[in-house]
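This report concerns only the one structure given below.
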Amino acid sequence: MAKVTAMDVYKLLPQTNCEDCGGEASCMAFATKLSEKEADLTLCTELSDKKFKKLDDLLAPAVKEIIIGKDEKARIIGGDEVLYRYEESYYNQTVLAVDVPDDLDDSDFENRVKEIEDLEFERTGELLKLDAIALRNKSGDPEKFANCAKKLKSSKYPVFLVTFDPVAMEKALEFIGTDRPLIYAATKDNIFDMADLATKYQCPITVFSPGGY
């Protein structure tokens, strides 16, 4: 996907140079700001609904922005202007998470979570930390999965809920669904149930395909 240019944007603007967009001297100046993500399209008051929709679609990132977690725990993925790294740098870095199984005893579970939260190391002068905790339903028990999810509600990181069982997923979401965890994952066998849960709790969801990524 080619980068959107100021001229691409300008063609869809009203071209009246009214300066109502916040003081830009011309529609071309505003188009330049829009193409560089330095202005908000809603500032243009003369756009028709149809033109606004076209411009909004044109300026949308090639990869949609997804938020995992909320408030101070929020992590953003996607939102990239390009599909391939060689074209341009990504804006939001990959979210890194460590897996925690739900079949650990209480003490081991708490220690594992603390290790994840405290983990940090330096690489080329940059201090790196993890971004999330992935809770895996290794036990196969929906109740154990839900109880562990409840414990992670107080964690400083957002949570990935990892199970193919919609029953286990829903029980976990009953405790932390309002915290916007990542639902992992929908498959060809559970996609409708998982999609319903993602809609009900307004959580991001991923799709798993054997042999895929």
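Within region 9-21, how many residues are open to solvent by 50 Å² or more (accessible area, probe 1.4 Å), in a loop (DSSP other than H, G, I, E, B) and under 16 Å from residue 35 (Cα atoms)?
Residues flagged as open to solvent by 50 Å² or more (accessible area, probe 1.4 Å), in a loop (DSSP other than H, G, I, E, B) and under 16 Å from residue 35 (Cα atoms) within region 9-21 amount to 2.
Find all pairs meeting these conditions: Cβ atoms under 7 angstrom apart; at least six residues apart or on different chains; first residue within region 13-29 and in contact (Cβ under 8 Å) with a residue 24 or more places away in the chain; second residue surrounded by 14 or more Cβ atoms within 10 Å (Cβ to Cβ) and of a type in the set (Gly, Ala, Ser).
Taking only residues 6 or more apart or on different chains, the pairs are 13/31.
Hey, residue 24 hits all of (1) open to solvent by less than 60 Å² (accessible area, probe 1.4 Å); (2) closer than 13 Å to residue 59 by Cβ but one; which does it fall short on?
The single condition residue 24 does not satisfy is (2).
Take residue 73 and decide whether it is modelled with pLDDT of 90 or more and under 24 Å from residue 176 (Cβ atoms).
Considered against the rule, which asks whether it is modelled with pLDDT of 90 or more and under 24 Å from residue 176 (Cβ atoms), residue 73 comes out as yes.
So, of the residues in region 180-202 that are touching a Pro at 6+ places or on another chain (Cβ under 8 Å) and not in a helix (DSSP H, G or I), which turns out to be surrounded by the fewest Cβ atoms within 10 Å (Cβ to Cβ)?
Only one residue tops the list, namely 190.
When residue 68 is evaluated against the numbered criteria (1) over 30 Å from residue 205 (Cα atoms); (2) open to solvent by less than 60 Å² (accessible area, probe 1.4 Å), which criterion, by number, is the only one it fails?
All conditions pass for residue 68, except number (1).
Could you list all residues from region 71-80 that are open to solvent by 50 Å² or more (accessible area, probe 1.4 Å) and assigned to a helix (DSSP H, G or I)?
71, 72 - these are the residues of region 71-80 that are open to solvent by 50 Å² or more (accessible area, probe 1.4 Å) and assigned to a helix (DSSP H, G or I).
Restricted to region 35-59, and to residues that are open to solvent by less than 80 Å² (accessible area, probe 1.4 Å) and among the hydroxyl-bearing types (Ser, Thr, Tyr), which residue is farthest from residue 4 (Cα to Cα)?
Checked region 35-59; the qualifying residue farthest from residue 4 (Cα to Cα) is 48.
Read through the list (1) in contact (Cβ under 8 Å) with a residue 60 or more places away in the chain; (2) in a loop (DSSP other than H, G, I, E, B), then give the number of the only condition that residue 160 fails.
Single failed check for residue 160: (2).
Going through region 88-130 one residue at a time, which ones are in a helix (DSSP H, G or I) and touching a residue at least 40 places away in the same chain (Cβ under 8 Å)?
109, 110, 113, 116, 117
Where residues in region 133-179 are under 12 Å from residue 197 (Cβ atoms) and among the β-branched types (Val, Ile, Thr), which of them is most open to solvent (accessible area, probe 1.4 Å)?
Restricting to residues being under 12 Å from residue 197 (Cβ atoms) and among the β-branched types (Val, Ile, Thr), the top hit is 167.
Confirm whether residue 32 is modelled with pLDDT under 90, open to solvent by 40 Å² or more (accessible area, probe 1.4 Å) and out of contact with any strand residue (DSSP E or B) (no Cβ under 6 Å at 6 or more places or on another chain).
So residue 32 does not fit the description; no.
List every residue pair whose Cβ atoms lie under 8 Å apart, where the two residues are 6 or more positions apart in sequence or sit on different chains, the first residue falls within region 43-58 and is free of Cβ contacts under 8 Å to residues at least 24 places away in the same chain, and the second residue, located anywhere, is open to solvent by 80 Å² or more (accessible area, probe 1.4 Å).
Short answer, once both residue conditions are applied: 43/20.
So in region 131-147, with the set limited to residues that are in contact (Cβ under 8 Å) with a residue 40 or more places away in the chain and farther than 11 Å from residue 171 by Cα, which one is farthest from the chain's Cα centre (by Cα)?
For region 131-147, the residue satisfying everything is 134.
The values are calculated or read from the model by the stated rules, or taken from the named source; none is laboratory data. Since we're looking at a predicted model, the values are computed, not measured. Neighbour counts run over all protein chains shown; Cβ positions are idealised from the backbone, glycine included. Note: areas computed on protein heavy atoms with side chains; ligands, DNA, RNA excluded. Shrake-Rupley method; radii C 1.70, N 1.55, O 1.52, S 1.80 Å.
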